[in-house]
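This report refers to the structure that appears directly beneath it.
Laboratory data are not the source of any read-out in this text; all were calculated from the coordinates shown. What you see is a predicted model, and the numbers here were worked out from it, not measured in a lab. When we count neighbours, we look across all protein chains shown, and the Cβ atoms used for this are built from the backbone with ideal geometry, even at glycine.
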Amino acid sequence: MERIKRRKAQGLQDRYLYDYTFANDNGQNPLMEKARAYVENWKEAYKNNTGLLLFGDVGTGKSFFAGCIANALLDRDVPVLMTNFPTILNRLTGMFSEDRAEFIASFDEYDLLIIDDLGVERSTEYAMEQMFFVIDSRYRSRRPMIITTNLKLAELKNPPDLAHARIYDRILERCAPILFAGKNFREENAGATRQAAKDLVNRKSD
């Protein structure tokens, strides 16, 4: 239990990710069955280096889907890291090149690497180079990764330049694409939160 707790603290760096569990699934997204199947067939996915590319509009449940997989595998004592490129680039800033190489290599210690929200980071030359190192290192380690992105599949298949092409090609080769085309759950949740706040402030005091 202690080891799993430590793994979670290491692998889920944002506290809100602890709530992304199958137990908290509202049952409204039929794609969640695929997340359960991935966890159930994890040994095979790991052996065959089978990753997932979750793409689609904002708020359609991609991060929740990935987080459920992360939590379920962590509960089984599988080392998982769920992070994003802005966080990675932040950590890399100011590091010496040998420390950078060591930091990037450390991702390969995890059996599953989940990179959330690909495409939100600024596409500077430095950022693109570091992203390539992370994805390429993972690619060569032959360990699976899950990528979530708001980019369209056509954008990933037709990158704007060579720097993006080097990254996207590796992702598309290793990750099976799943389209999230449902309703915007985030918008729905925000509506419910606004209504709850309205009810709260309009409630007469006893």
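Filtering region 109-119 to residues that are at negative phi and either in contact (Cβ under 8 Å) with a residue 40 or more places away in the chain or assigned to a strand (DSSP E or B) (or both) leaves Y110, D111, L112, L113, I114, I115, D116, L118. Looking at M131, M82, just one residue is surrounded by 19 or more Cβ atoms within 10 Å (Cβ to Cβ) and in a strand (DSSP E or B), and that residue is M82.
Out of R91, R143, R138, R100, which single residue is of a type in the set (K, R) and part of a loop (DSSP other than H, G, I, E, B)? None of the other options fit; the residue is R143.
The condition of being more than 12 Å from M145 (Cα to Cα) and of a type in the set (D, E, K, R) holds for only one of D116, D111, D14, that being D14. Annotation note: of R76, R122, R142, the sole residue that is under 23 Å from Y16 (Cα atoms), surrounded by fewer than 23 Cβ atoms within 10 Å (Cβ to Cβ) and more than 17 Å from the chain's Cα centre (by Cα) is R76.
If you go through region 120-157 and keep only what is in contact (Cβ under 8 Å) with a residue 40 or more places away in the chain and within 18 Å of M95 (Cβ to Cβ), you end up with A127, Q130, M131, V134. Checking each residue in region 1-43 for being more than 18 Å from F180 (Cβ to Cβ), in a loop (DSSP other than H, G, I, E, B) and not hydroxyl-bearing (S, T, Y) picks out M1, Q13, D14, N41.
Can you confirm whether region 57-67 contains a residue that is touching a Gly at 6+ places or on another chain (Cβ under 9 Å), part of a helix (DSSP H, G or I) and within 16 Å of A176 (Cβ to Cβ)? For region 57-67, residues touching a Gly at 6+ places or on another chain (Cβ under 9 Å), part of a helix (DSSP H, G or I) and within 16 Å of A176 (Cβ to Cβ): present.
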